[in-house]
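The values are calculated or read from the model by the stated rules, or taken from the named source; none is laboratory data. Bear in mind that the values here come from a model prediction, so they are computed numbers and not experimental data. Backbone-built Cβ (ideal geometry, glycine too); neighbour counts: all protein chains shown. Please note that ligands, DNA and RNA were not included when accessible areas were found on the heavy atoms of the full protein model with its side chains. Shrake-Rupley method; radii C 1.70, N 1.55, O 1.52, S 1.80 Å.
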Amino acid sequence: KALAARRRDARSCPASSGPAPSHPPVDPRPRPAPRPAKLAPAMQSPRPSWPPPAPARADSPSSPTLKELKASLQLCASPKNGDDKTYSYLTAGVSTPRPPSLIDDLKASAKMIIMVTLLSPVLLILIAYHTFADMIAGTLSQIVSLLVPAKINSRGAVSPTKRRDQRPCLVFPGCGCYVFWQLGMVQFLVERYDLRGVKIVGNGSGAVCAAAILAMESGVPGYPPPAACVVRKRARAMQKQIDQQIDSVRLSQILRTLLEEHLPSSDHLSLGHDRIAVGMRTLQCRPLPCLYPSFCSQYRSREDFAQVVVAASATAPGIASWKPFRSLRTGVASDGVNALSLWSLVTYSLALLARKASAPLKAHPLSSLVAAWNFPVLNLIFARSSTCPARVWVAPTPSLLLHRFVAPSRAQAASLWSRGYEEGRRLDAKGAFGELECPRRAVA
């Protein structure tokens, strides 16, 4: 009976292999999302792509319409923030509290007469010494060039020191305080032309114009140049700073301040490939100590370029600074125009007779005098750098009122700037800048 009861119990209850598994309690908190599986790093090229891609801008707006572009140009260029609809690019847009007057001419004339009268004995001695020292140095250089033959290559032709540069050249000779006239011309050229493919040569105060071109045309490398309204904004900011300080601060200090604030960072488009040549004079013994012509076309940094510009243009005693020399990495340098030497008149006259003058010849006597002062340095630059013969000169016609050449007032500097801009517009209408062969930009 007991065995039968066990068999009935086994048939009614299912067989189990072991104890029933116990389930863990459910956690009410949400579980974190599973992490994605890590992908194997892709194979990278051993060399980076060139040219580098343009920087991506997430907030780049859509392409503006022609009407919006015209409105933005008027907004940038108008002195009344776009309210004056009659404003155009016919003038430089510079301003000064009052126009030049007769009182300004009398004050500047009296200042120049007093300075020349007090320093006349010293000036006569310096003129005699510089003329004699330059005569000795120039004569010895000619003798050495005749005795030492030129280097000839295996084919029998004279080997050039450098490959001829086919870029057109924009030349700014040293003109004293008429540099404000040249700056007005620079504003006109940069507003209407893309000068990044043009070589720039500046001697003396012309080095300021080379620095102004870099400051006005600076932009992002690899992108189009800034618009004409941006160029005008920068030019007006520079002129306003000059207008506020010219009556109380020396020109050398004004130039250093402008270079620190407006000069862009150095890049291969601005300071490389011998694009800018700055003429100066260095202190040498040949055999007497003299200011010998020299130039610089390679710059290591932005600060190096600024020092060269200050040394070449802001060391004229009595005009820009009372320090006649500046120390550079290449030696002791001075202004590219040595007005104390009369030997340049002789060399320029001989070059005119031989038809080898490297400066424009004008009928005005002061223009010929300025050309003679610039001839030694500019002739050296053109001979050493193998520049293209297509040259455009930016040289004003100085006034018979010499005080404007030496010590212009605040109103006269603004007037010279405006006259230079208007002269550039007049020459452009005649096609005088066609030899530059650079792209022309549209203005409002």
What number of residues within the range 417-434 are touching a strand residue (DSSP E or B) at 6+ places or on another chain (Cβ under 8 Å) and surrounded by 16 or more Cβ atoms within 10 Å (Cβ to Cβ)? 1
Inter-residue pairs, beta-carbon under 8 Å, first on the phi > 0 side of the Ramachandran plot and touching a residue at least 12 places away in the same chain (Cβ under 8 Å) and in the range 331-349, second surrounded by 19 or more Cβ atoms within 10 Å (Cβ to Cβ) and in a strand (DSSP E or B), 6+ apart: G331/T282
Scan the range 212-226 and report the pairs whose first residue is at pLDDT below 75 and whose second residue is in a helix (DSSP H, G or I), with Cβ atoms within less than 8 Å and a gap of 6+ or a chain change. P225/R196; P225/E217
So, S341, is that one of a type in the set (S, T, N, Q) and modelled with pLDDT under 85 or not? no
So which of S294, S327, S334, S321 ends up being of a type in the set (S, T, N, Q) and at pLDDT below 85? S321
Kindly establish whether R410 is in contact with a strand residue (DSSP E or B) (Cβ under 7 Å, 6 or more places away or on another chain) and modelled with pLDDT under 85. no
Can you name the condition, by its number, that L255 falls short on among (1) touching a residue at least 24 places away in the same chain (Cβ under 8 Å); (2) open to solvent by 50 Å² or more (accessible area, probe 1.4 Å); (3) within 17 Å of the chain's Cα centre (by Cα); (4) within 22 Å of E303 (Cα to Cα)? (2)
Every listed condition ((1) more than 18 Å from P173 (Cα to Cα); (2) in a strand (DSSP E or B); (3) open to solvent by less than 30 Å² (accessible area, probe 1.4 Å)) holds for Y299 save (2)
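For the range 160-167, does any single residue satisfy the condition of being at pLDDT below 85 and surrounded by 18 or more Cβ atoms within 10 Å (Cβ to Cβ)?
Yes, there is a match, as at least one residue in the range 160-167 is at pLDDT below 85 and surrounded by 18 or more Cβ atoms within 10 Å (Cβ to Cβ).
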So, in the range 365-388, of the ones that are touching a helix residue (DSSP H, G or I) at 6+ places or on another chain (Cβ under 9 Å) and modelled with pLDDT under 75, which residue ends up most open to solvent (accessible area, probe 1.4 Å)? L366
